[in-house]
1. Going by what's in this entry, would ALA177 be described as touching a Lys or Arg at 6+ places or on another chain (Cβ under 6 Å), of a type outside the set (Phe, Trp, Tyr) and in a helix (DSSP H, G or I)?
2. Among residues belonging to the stretch 120-173 that are among the polar types (S, T, N, Q) and touching a helix residue (DSSP H, G or I) at 6+ places or on another chain (Cβ under 6 Å), point out the one that is surrounded by the most Cβ atoms within 10 Å (Cβ to Cβ).
3. When you look at LEU183, is it closer than 24 Å to ILE90 by Cβ and in a helix (DSSP H, G or I), yes or no?
4. Taking PHE182, is it within 23 Å of GLU68 (Cα to Cα) and surrounded by 18 or more Cβ atoms within 10 Å (Cβ to Cβ)?
5. Assess whether GLY199 counts as being in contact with a Phe, Trp or Tyr (Cβ under 9 Å, 6 or more places away or on another chain), surrounded by 19 or more Cβ atoms within 10 Å (Cβ to Cβ) and either charged (D, E, K, R) or at pLDDT 95 or above (or both).
6. Would you call PHE77 part of a helix (DSSP H, G or I), buried (at least 17 other Cβ atoms within 10 Å of the Cβ) and among the aromatic types (Phe, Trp, Tyr)?
7. Within the set of pairs 6+ apart or on separate chains, which have a first residue in the stretch 6-34 that is surrounded by 18 or more Cβ atoms within 10 Å (Cβ to Cβ), a second that is assigned to a helix (DSSP H, G or I) and acidic (Asp, Glu), and C-beta atoms under 6 Å apart?
8. Kindly evaluate LEU111 against the criterion of being crowded, with 22+ Cβ neighbours inside 10 Å and part of a loop (DSSP other than H, G, I, E, B).
Amino acid sequence: MPLGYRLIRGKPLCDATVSLVDNPIFAKTLAKWLRELHHIPVSGLDNTDSSELRWQFNVPHRIKRCYENLTQYEKYFLSAGFLVSSLTDIIEKISEFKLHNTKQSILHGDLYCRHVIVNEHLSPTGLIDFGDIFIGDPGIDLSIVSIFSEKLFDVFLDAYGDVDRQRLELLLFHSFAHAMSFLSYAYEQQKPSLQCWAGSELKRSMDELKKLK
C-alpha cells in the first residue's frame, strides 16, 4: 500500500470528479489498502486515546453536533435537496446506536474524498493526510464506503471482510455524522465540487441507514 511516500502522483478524488465511484476495481483496491493498514501490529504503540470516550465513539456528543449543524446550516441542507424531517429521522435512529471501539487497529482517522488520491484514469494511487491517525476500530475508516455507488457498497465491504452488524453500525454512523459536518463546511467554503461530494456522501449514508432494521 502506498503509505508515507514522498510524492503520490494524482489529485484528490473530489478534484478529479464529482461522481460517486462506480469502478469495482477501485473499491477492491481501497479495501485491500485498508485491510493492510488495519492489520499492522499495534503492540507497543501508545494506546492512550483509543478508549470509547474518544469523540468518534461518543454518541451523545456527535448527535448533538448533528442537530447543531442542521439548525445552524438548515439553508445549506435544503439547497442540497435534503428535507429536515428526513435528516431528523436518521439522527433519531442513530441516536440509539451503541458504538463499540472493539478491534484495535491503526486508523487513518480522517478518510474521505479529499484524502483519496487518483490518477487521470480515476484509479486510486494512494491516501494522504494521516494527521489524525489513531488506534481504534476499523469501522471509522470503513465509512469511506460512502464514496461508492450503491452497487459497490457490498463489493467494498466484502473485499475488506470482517464487517459484522456492530461494525456496520459504526461505519454508517460515522459516515452520516461526518457528512453532516462536511456539507455545512463545503457550503461555507463555497466550493461546488465539495458541495456535490458532501451531498452525495450524505445521501449514500442515509440510504444505507434506512435499510437497517
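1. Values: touching a Lys or Arg at 6+ places or on another chain (Cβ under 6 Å): yes; of a type outside the set (Phe, Trp, Tyr): yes; in a helix (DSSP H, G or I): yes.
For ALA177, the condition - touching a Lys or Arg at 6+ places or on another chain (Cβ under 6 Å), of a type outside the set (Phe, Trp, Tyr) and in a helix (DSSP H, G or I) - is met.
2. Initially, the stretch 120-173 is screened for residues among the polar types (S, T, N, Q), giving 123, 125, 143, 146, 149, 166.
Filter again for touching a helix residue (DSSP H, G or I) at 6+ places or on another chain (Cβ under 6 Å), leaving 143, 146.
Working: SER143: 24, SER146: 29.
Filtering the stretch 120-173 for residues that are among the polar types (S, T, N, Q) and touching a helix residue (DSSP H, G or I) at 6+ places or on another chain (Cβ under 6 Å), the one surrounded by the most Cβ atoms within 10 Å (Cβ to Cβ) comes out as SER146.
3. Details: closer than 24 Å to ILE90 by Cβ: yes; in a helix (DSSP H, G or I): yes.
Yes.
4. Details: within 23 Å of GLU68 (Cα to Cα): yes; surrounded by 18 or more Cβ atoms within 10 Å (Cβ to Cβ): yes.
So PHE182 fits the description; yes.
5. On the way: in contact with a Phe, Trp or Tyr (Cβ under 9 Å, 6 or more places away or on another chain): yes; surrounded by 19 or more Cβ atoms within 10 Å (Cβ to Cβ): yes; either charged (D, E, K, R) or at pLDDT 95 or above (or both): yes.
The answer is yes for GLY199.
6. Details: part of a helix (DSSP H, G or I): yes; buried (at least 17 other Cβ atoms within 10 Å of the Cβ): yes; among the aromatic types (Phe, Trp, Tyr): yes.
So PHE77 passes the test.
7. That search, which allows pairs on different chains as well, returns LEU34/ASP141.
8. On the way: crowded, with 22+ Cβ neighbours inside 10 Å: yes; part of a loop (DSSP other than H, G, I, E, B): yes.
Spelling it out, LEU111 is indeed crowded, with 22+ Cβ neighbours inside 10 Å and part of a loop (DSSP other than H, G, I, E, B).
The values are calculated or read from the model by the stated rules, or taken from the named source; none is laboratory data. Please read these numbers as outputs of a predicted model, since none were measured by experiment. As a convention, Cβ positions derive from the backbone with ideal geometry for all residues, glycine included, and neighbour counts pool all protein chains shown.
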